[in-house]
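Read the structure below first, then the notes.
The values are calculated or read from the model by the stated rules, or taken from the named source; none is laboratory data. This is a predicted model, so every value here is computed, not measured. Virtual Cβ from ideal backbone geometry, glycine too; neighbours counted across all protein chains shown. The area values use the complete protein model at the heavy-atom level, side chains included, leaving out ligands, DNA and RNA. Shrake-Rupley method; radii C 1.70, N 1.55, O 1.52, S 1.80 Å.
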Amino acid sequence: MSDKVLMKGNEAIAEAAIIAGCRHYFGYPITPQTEIAAYMAKRMPKIGGTFLQAESEIAAINMVYGVAAAGKRCMTSSSSPGISLKGEGISYMAGADLPALVVNVQRGGPGLGGIQPSQSDYFQATRGGGHGDYHMIVLAPASVQEMASLTVKGFELADKYRMTSMILADGTMGQMMEPVSLELDVKEPPEKPWATTGTGMARPHNVVNSLFLSPDELERTNFLRYERYAQVEANETMYEEYLMDDADVCIAAFGIAARVSKNAVNAARKEGIKAGLIRPITLWPFPKAAFAKAADRVKAFVSVELSMGQLIEDVMLAVNGKAPVTLCNRVGGMIPSPEQVLDAIRKAAENGGAR
């Protein structure tokens, strides 16, 4: 299928999941991601898959746990409050080292907040999202095409490292319509000898569980898990650099904020300000090395976010005090305009002596 089709971001995620081999979807409607569930409700029965609208978000994530334990590719999706309800189940999946895909199309909060776009679940996603020591692989698309391609990538990384992957999008990405190529590169899923597939007497029974009554065993398991996380950090970090070769001011942004910021960077260049952009594609693992390298020559950083300032903390840690980092943000469902970002670039250039 070489031709492009016009799709919403949410629909692109759903179709890409099917192309990636997902045949089991469990979810619950919530704005602004309901189109994912609606799409799966139409498509799954036609291809011999399972669509089930659970009685709650809690039920949905535990259904994902069960199918993932059987070694099948499966997913769930929700928006911010629903992801909070799934947090305990996600932690159980991390404790059992189960691969699956979770999609969060973020809306404003806290609480019920609003149904407009947000990026305020960054901490929740990159710091685990539930109880205990664990990480998810967190992918942040900035186009409808990436909503599709990163969905496939999410399944593949989840299987490769036996981890939960998350697509962290926002309401704008979910509702936006753009041309998409569905000619996606899908690799064959790996063998899963640990899966609970039923055995008779052919092999010892597999047990999938996150309970360890022995403290020594639990400690050993956590240390081994973090050795695997170190491999993810070493091998799977993704980011985009834009006009960074000679940049004096570096914008840090992901998702819709990065798209807005590119326009502001171009406008700043026309004014003679050497601005550039680093867009994290993996929010975890975070591209620390890219920001640390930039900090050796960039005079100022600006973090552009749809939150009260969450991404900025990882930027500051990576920069390690080598240059000032300021925040340009809107919240409550509002999106920074290119003009607002351009003004933040101007101020950073003046204060950092970057003209």
Lysines with Cα under 25 Å of LYS262, excluding same-chain neighbours fewer than 8 positions away: LYS4, LYS8, LYS153, LYS270, LYS274, LYS288, LYS293, LYS299, LYS322, LYS347
Between the Cα axis of helix 80-95 and the main Cα principal axis of the chain, the angle (0 to 90°, nearest 10) is 60 degrees
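Can you tell me, using C-alpha contacts under 8 Å and at least 6 residues apart, the relative contact order of segment 239-351 as a whole percent?
Averaging sequence separation for qualifying contacts and normalising by length gives 31 percent for segment 239-351.
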Roughly what angle does helix 57-69 make with the longest principal axis of the chain, taking Cα atoms, 0 to 90 degrees, to the nearest 10? 70 degrees
At 7 Å along Cα-to-Cβ for each site, give me the label-to-label distance between ARG127 and ILE115 in nm. 3.0 nm
Note the angle between two axes, namely the Cα long axis of helix 338-352 and the longest principal axis of the Cα atoms of the chain, as a number of degrees from 0 to 90, rounded to the nearest 10. 60 degrees
Using label points projected 7 Å from each Cα along Cα→Cβ, tell me how many nm separate THR196 and VAL331, to one decimal. 4.1 nm
Alpha-carbon centroids, segment 1-40 and segment 96-139: separation in whole Å: 18 Å
Over segment 41-115, one equal point on each Cα, no solvent: what is log10 I(q)/I(0) by the Debye formula at q = 0.27, 0.28 Å⁻¹? -1.27, -1.31
GNM result for the chain, Cα springs below 10 Å: residue of SER214, SER79, SER120 fluctuating most strongly: SER214
Ignoring ligands, DNA and RNA, please state the percent of accessible area on segment 239-351 from carbon and sulfur, probe 1.4 Å. 50 percent
For segment 42-134, which trypsin sites (Lys or Arg not before Pro) pass both filters: DSSP loop (anything but H, G, I, E, B) and at most 16 other C-beta atoms within 10 Å? ARG127
If the cut-off is a Cα-Cα distance under 20 Å, which lysines reach LYS160, setting aside same-chain residues fewer than 8 apart in sequence? LYS72, LYS187, LYS192
If we count chymotrypsin sites (Phe, Trp or Tyr not before Pro) as exposed when they sit in a DSSP loop and have at most 15 other beta carbons within 10 Å, what is the longest stretch of the chain that avoids them all? 1-193
Relative to 2.2 N^0.38 Å, what does the C-alpha radius of gyration of segment 56-176 come to as a ratio? Two decimals please. 0.97
Counting alpha carbon pairs within less than 8 Å and at least 6 residues apart, what relative contact order, in whole percent, applies to the chain? 17 percent
For Cα Rg over 2.2 N^0.38 Å, one of (i) 1.07; (ii) 1.01; (iii) 1.25 was computed from the structure I shared and the rest are decoys. Which label? (ii)
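Need the full-extension length gain, VAL186 to ASN209, defined as separation in residues times 0.36 nm minus the C-alpha distance. One decimal, nm. Can you show the working numbers first?
On the way: separation 23, 0.36 × 23 = 8.28 nm, distance 2.93 nm.
That pair, VAL186 and ASN209, stretches by 5.4 nm at full extension.
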Per residue, what accessible area does the chain have, given a 1.4 Å probe and all protein chains present, in Å²? 42 Å²
Given only helices, namely DSSP H runs of n ≥ 4 each adding -39500 (n - 2.57), what is the per-residue ellipticity at 222 nm of the chain, to the nearest 500 deg cm²/dmol? -13000 deg cm²/dmol
Return the FRET efficiency for the residue pair GLU313, LYS42: r is the Cβ-Cβ distance, R0 is 56 Å, and the value is rounded to the nearest 0.05. 0.85
